[in-house]
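Scroll down for the structure; my scribbles are underneath it.
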């Protein structure tokens, strides 16, 4: 009697361990975007993002994202920015939850304006990284993450919540 129960327990555990869905996924997210330009311009705005990726293994995915960081301003200047990124993600999988870290490259575009209508634009490709966790509900997932980008000689941060759908 013990052998069939042990076999059933191992089968259930194996099913739970394979709960991470591999495949192509898409998502959208929103969160708090923080601008910090050389301590002269510090502000927050709503950041929006779109995600597309492929989870090749339970522990590895490739992902691309577009982020609109929004805009922030002071009495004398304003800055707005966006980024297009490509990342490799490493996952540690738990039942119904993944913890992940990601690193990659992002092509950032920033525009700084001042009172004299002098516009400065910066386009660069730099290292970007992040970490977070996501909970699975079938093909759907809810992800919370922190990301950091280099944007106009500044650290651009995004703390966001995203909704992901995986095509099985």
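Only the coordinates and a few stated rules stand behind these numbers; no lab work does. Please read all numbers here as calculations on a predicted model, not as lab measurements.
A few comments on the model shown:
- Cα shape, the stretch 66-107, gyration tensor, a/c 1.5 rule: prolate
- Gyration tensor (alpha-carbon) shape descriptor, the stretch 73-132, a/c threshold 1.5: prolate
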